[in-house]
Structure formats: structure tokens, C-alpha cells
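Colleague: Quick one: the structure is below, and I'll ask about it shortly.
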Amino acid sequence: MDSLICYLPKKVNIYEFDWLFLTQPPKRYWEETENTDQRRPEEEQGTAVQNQNKSTVKERSLKRKNGENLEKKDPFPGEAPIPHKQLQKFQRGEKYKVPAGARRRLKEAIISSEAMSELAQKQAARYDLLLPEDAGFLEGDEDEDTNTISQDDIADAVDITSGSKYFNLHLSQFGPYRLDYGRTGRHLLVGGKKGHVACIDWQSKDLMCEMNVMETVNDVKWLHTEAMFAVAQKRWLYIYDSKGLELHCVKKFNDVLRMQFLPYHFLLATASATGFLQYLDVSVGKEIAAVCTKMGRLDVMSQNPHNAVIHLGHPNGTVSLWSPNQKEPLVKMLCHRGAVRSLTVDKTGTYMVTSGLDRKLKVYDIRAFKPLHSCFLPAGASCLSLSQGGLLSAATGDIVQVYQNVLGSSPVSKPYMAHRLRGQIWGLAYCPFEDVLGIGHGEGFTSMIVPGAGEPNFDALDTNPFRSSKQRQEWEVKALLEKVQPELIGLDPGQLSKVDQASFEQRHKEQVEALGFDPLAKDKFKPKTKKKGRSSAGAIEKRKRKVAHEDQRDEIRQTVQERTERDKEQKEKSNEKKKLGNKSTLDRFRK
């Protein structure tokens, strides 16, 4: 004990120190701090501690008998409140009201679904604090336009990793090139008009495969994973794997010009030179639908990521919206006075941007199918692409211009960025989750840095850029199990969660058409057989005549009764009007 005493401060009792160290719990931030600076002699302090221990033990025993809680209460109980703006950010539409006269099961289902959606909204708003990444933009100095800043200056100013995202592939022999990025944003697929096809891990610059199909290539498109891609060649549609091996040759899909892949439906939509829009289910290798648009050559195509509706541009200046469930277009809009050259839809499915031969760039609100604003481009726009951050890139000749704040009511202003290339531009695509714009042109491929283009936060359960091969396999199995059927593609994807309020007449009519007879119709009158000659043919006919027109008589009685009631109401109203008409404004002053 003496060896321990020498390490303790003066005027501190060992027993008191042991008691404080062993029995007292750590103090919370809301508990009052005691003044520990007062010090007494060792003898007085020892007696005080013993008395204090006795008093505390008595107090605790009394509180336990009375049933009081010994712990002090937290002044901020429950979960932390969520700001209203944060909740509105993750709001999932309007709440559904329970229809009048609904059954108990329907009421319970609606209430439980609303509770689950509210919980998901609160959790998303709460966990939004864990996403600290934010999109940045390019800002110039005073009196400096950002569109005058070159790509070389940007690459020199940023770090080495970001600077390596600006590069050029000089492929002048087999151009011009079309391109497509994978959903994770890590893999790049390029296809030259003269048959050159290559897929690259563009971040590490690793070449996955390269080949020449010895045929004209019209378009290239990744499928659900980076292990398969589709190539629209001169005659037919071909499917290859990431090593360049030919997996399928789909001869039903001929003369394909443009392709779009619907990831949640596993559908490859193709537009051909013969005017056909075809859908291929890549999970089973079956053609789902083939629609003849009767509008000529289809070389302008885009998809709405919100509801998986295909948008097609036509030479007569119209844009049509298609679903595999109908042979006619869902919507047909007249957008330009000349042919439509390019179109694109934003990720929320709210805005559509089109360009035509009339050299106009127009922004439409798809919810109301009305134009918001338009601007005149001197050379027109041959290719359009929208980024995840809402930036619009437009290709005019050999120049790419990037516009900011295009979506909305504000008109298109001067370009945010601009870049000149060597050859004619053939394709544009933004890389997901990266501030990169891919440009395919006559001299090869160029990767351009566009600050603020990509979404900084990604959903690792859906599209994870850093997933391993095992994670990719697990994701593929889950995605196939959760595949959305093509019959559910429509303009309003939220219609599925609504209650079907079909009228009784409509349901009865459908039931009659399905069964072939009316189950609610009354059976024909069959008279009972009677004895003593009362069931002769004449007597049966007399009894049938008595009951023959009972239904008609009931209807006539009901209509006559309704008519008399209506006439009574009209007479009462006319009498009241006559009484009011005879009175004057001065009658209220008479006694």
C-alpha cells in the first residue's frame, strides 16, 4: 500500500479514491458537475464519505420501494427531428386515400403500404447525411467565360487521377465512331462505321477485346452487364461477350440502325431502316413485340429512364412514344418544322430535349406535352445528351457545346463549356457517376472532362462501380428474379399501385363476355305441373301470359313514380319563384 500511496496526490484518501473509481458511473453530459476542488483533511474526508455512502444506500432502497427510476432522464428523448425540406426531397408522391366502402383487407393493405413508404422516406432523409459528396462546377475568374477554358488547362489544374480522364484515341482508319458506357460507368464500348469494335476498361486503360467484324456497324450497346454487348451490323443483330466471341446472330432483327437497352425489363429495343420497332428479351432470347410504325426510316431513338417508354424521332418533325403493349403510339407530338435530328430525355422522365433540321433546340415538359422554351442554333445540333447532373451537350459539326440550367423555365443561355475536335461528331454519351463526356467522331474517340456532370453518390445495390465478379454474379441473379414484365410499361408507372375502381356495369359486362351468359339474369318462368287437367297446354300458356311482362311493369311503375316526384319538385320551385317575384325590395321595411 505504501508503494501505491506515493503515486497518489496529497490529501487524498486511498479508500475514497477506490470508492470513486469503482462505484461511481461516468457522468452524462446533462448531469450537473460537482465541485471536486474542495479538499478536506484525510480524517474528516473519510468520515464524510462513509456517511455519504450510508445516505445514498438508504435513498436507493427507498426509491426502489417506491418504484422510482434511479437513472436520470435524457432531456432529448426519441429520435432527432428531420427537417421538412429534407423529407420533401425523398417524398414518394401523394398519399392514397382509402376509398369509401372498401373492405377490411383493402384498408389494411393501403395503411400498411403507406406506413412502409413513410418509413422509407424518413430513413432515406436521415441517411442522406452519410452522403457528403457533392457535385462541383467550373468557375472562372472575374470577366472570364468558362467556355474559353481548354481541356488541357483543366487537366493541368486538377489532380493526376482526374487529369487522366481526358484522353484521345486516334482511330482515323475505321471511323466515325459510336459509343456506349456501361451502367456502372467503368466500361466503354466503341464501334466504328467500318467494322472496328472494341470494349475498354477506360479508367485503367485495359483493353478487354478488339475485333473487326468486316461489315458496317450502325450502333453498339451494352446489355445488363459488362459481360455481353450487342452490335447492330449491316444485315443482322449480333450478340458478343466481353472477350469478342460471337454468342448469337438474331436474324429476325435486320437493318437495325439504333438500339436502347431497358435494364429493369431486360429488353433490347431496336429501330430499323424498314420502320419497325422490335423488342428482344435478352434473358430468354425471345422477341417480345414487333411494331410497324409506318413512319419511314428510324434513325433517331431514345428512352425514358423513368417509365421505359421509347421515344422515336421521324422525318416529318414528329416525336412518337411507344410501348411494346400497343401497336399504335401512346403519344404523337409535332416538335419541329423539319426532320428530327436528335432527342434525349432526362433521368427523372420530366423533360425532353429535341433538335431538328430547322436548327432549333427545344425543351419539352413530358408531363403536359408542352414546350417550355426553344433557342436557335446557327449550325443546328446533330447529337444531344443529358448528364445525371442536368448538363446538356450538343454537337454542332466538329464542336461540342455544354449548356447549364437548361431544364426548367429559364431559356438557354451561353454555353457552359466548349471543345473543338478534328472530325465530324457521330456520337455523344455521358459516363455515369463521372464528370466525363465521351465523344465519338471521325478521327476516333475523345474523353472530355465536364465538372458537375456526374452523380457523386451511387447506389451500391443497383450500380456499383467497384463491385467484384462475385458481386456482379449475385446482382445478376437478383436482377433476374426482380425483372419487370414488359406488360407493365406505360406512361404512368405509378398506376399499378392505385385501386381499380371499375363500375359495377363494366365488371358485369366483362363477366358476361368471359362466361358467354349473364349469371345475374332471371331464369325463365316454368309453370308447375298440376293434376286434374290443369296442366294442359292452354292452361300453361295462360299462366305464362300472366307472368310474361312483370319486369316491364315494374320498370314502368318506377319511371312513372320518378316522373311524378320530379313534377312535384318543379311545381314547388316555380311557386317559390312566383312568391319571391311578387315581393319588392321595400317589403322588408313593412310590419
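Colleague: Between beta-carbons, use under 13 Å as the cut-off and find the net charge around residue 163, counting Lys and Arg +1, Asp and Glu -1.
Modeller: Result for the neighbourhood of residue 163: -4.
Colleague: Sticking with the crude label model, points 7 Å out along Cα→Cβ, report the distance from residue 377 to residue 350 in nm, one decimal please.
Modeller: In this crude spin-label approximation the distance works out to 2.3 nm.
Colleague: Okay, moving on. If I model region 303-455 as equal point scatterers sitting on the Cα atoms and use the Debye formula, what is log10 I(q)/I(0) at q = 0.09 Å⁻¹?
Modeller: Listed by q, the Debye log ratios stand at -0.27.
Colleague: Can you pull the accessible area of residue 87 for me, 1.4 Å probe, Å² to the nearest 10?
Modeller: We get 40 Å² for residue 87.
Colleague: Something else: Based only on Cα atoms, what mean projected area does the convex hull of region 127-271 have, in nm²?
Modeller: The directionally averaged projection comes out at 12.4 nm².
Colleague: Over 5 Å intervals from 0, what percent of Cα-Cα pairs in region 442-568 sits in each interval?
Modeller: 2, 6, 7, 6, 8, 9, 9, 7, 5, 5, 5, 4, 4, 5, 5, 4, 4, 2, 2, 1, 0, 0
Colleague: Please give, to one decimal in nm, the separation of the simple spin-label points placed at residue 551 and residue 215, each 7 Å out from Cα toward the Cβ.
Modeller: Here the modelled spin labels are 6.5 nm apart.
Colleague: Residue 315: net charge of surrounding residues, Cβ under 13 Å, Lys/Arg +1, Asp/Glu -1, itself excluded?
Modeller: Net charge in that neighbourhood comes out at +2.
Colleague: Within 10 Å of each candidate Cβ there may be at most 16 other Cβ atoms; applying that plus a DSSP loop requirement, which GluC sites (Glu not before Pro) in region 71-126 survive?
Modeller: 71, 79, 94
Colleague: Roughly how many Å² of residue 211 are accessible to a 1.4 Å probe, to the nearest 10?
Modeller: Residue 211 has an accessible surface of roughly 40 Å² with all protein chains in place.
Colleague: For region 222-277, what is the per residue volume of the convex hull drawn over the alpha-carbon atoms, in cubic angstrom?
Modeller: 71
Colleague: Then there is this: Can you send over the solvent-accessible area of residue 246, 1.4 Å probe, protein chains only, in Å² to the nearest 10?
Modeller: Roll a 1.4 Å probe over it and residue 246 shows about 110 Å².
Colleague: Rounded to whole Å, give me the distance from the Cα center of region 426-500 to that of region 527-559.
Modeller: 73
Colleague: What does the charge add up to near residue 401, with Lys and Arg as +1, Asp and Glu as -1, over the other residues with Cβ less than 11 Å from its Cβ?
Modeller: Every neighbour counted, the sum reads +2.
Colleague: Give me the extension gain from residue 424 to residue 567: residue separation times 0.36 nm, minus the current Cα-Cα distance, reported in nm with one decimal.
Modeller: Here the answer is 43.5 nm.
Colleague: Residues of region 461-499 with amide nitrogen under 20 Å from the 7 Å Cα-to-Cβ point of residue 100?
Modeller: Counting backbone N atoms under 20 Å from the label point, the list is 499.
Colleague: Region 346-407 to region 70-132: how many Å between their Cα centroids?
Modeller: When both Cα centres are located, 37 Å separates them.
Colleague: Residue 124 to residue 91: extension gain in nm, 0.36 nm per residue of separation minus the Cα-Cα distance?
Modeller: Length gained between residue 124 and residue 91: 10.9 nm.
Colleague: For region 218-234, take each phi angle, set θ = phi - 60°, evaluate the Karplus expression 6.51 cos²θ - 1.76 cosθ + 1.60, and give the result in whole Hz per residue in order, putting x for glycine and proline.
Modeller: Per residue, the Karplus-derived 3J(HN,Hα) values read 8, 6, 9, 7, 5, 9, 5, 10, 7, 8, 9, 8, 10, 10, 8, 8, 4 Hz.
Colleague: May I pose another question? Report, in listed order, any pair from 370/478; 89/193; 205/362; 122/360; 251/294; 221/470 with a Cα-Cα distance greater than 32 Å.
Modeller: 370/478; 89/193; 205/362; 122/360
Colleague: What number comes out for accessible area per residue over region 115-272 if the probe is 1.4 Å? Units Å², please.
Modeller: Value for region 115-272: 51 Å² per residue.
Colleague: Sort 443, 510, 215, 139 from largest to smallest accessible area, using a 1.4 Å probe on the heavy atoms of the protein chains.
Modeller: The residues order as 139, 510, 443, 215, largest area first.
Colleague: Probe radius 1.4 Å, ligands and nucleic acids left out: which of 146, 354, 161 has the largest accessible area, and how do the rest follow?
Modeller: 161, 146, 354
The values are calculated or read from the model by the stated rules, or taken from the named source; none is laboratory data. All figures in this text were calculated on a predicted structure; none of them were measured in a lab. All Cβ positions, even for glycine, are placed from backbone atoms using ideal geometry, and neighbour counts span all protein chains on display. Areas reflect the complete protein model, heavy atoms only, side chains present, ligands, DNA and RNA absent. Shrake-Rupley method; radii C 1.70, N 1.55, O 1.52, S 1.80 Å.
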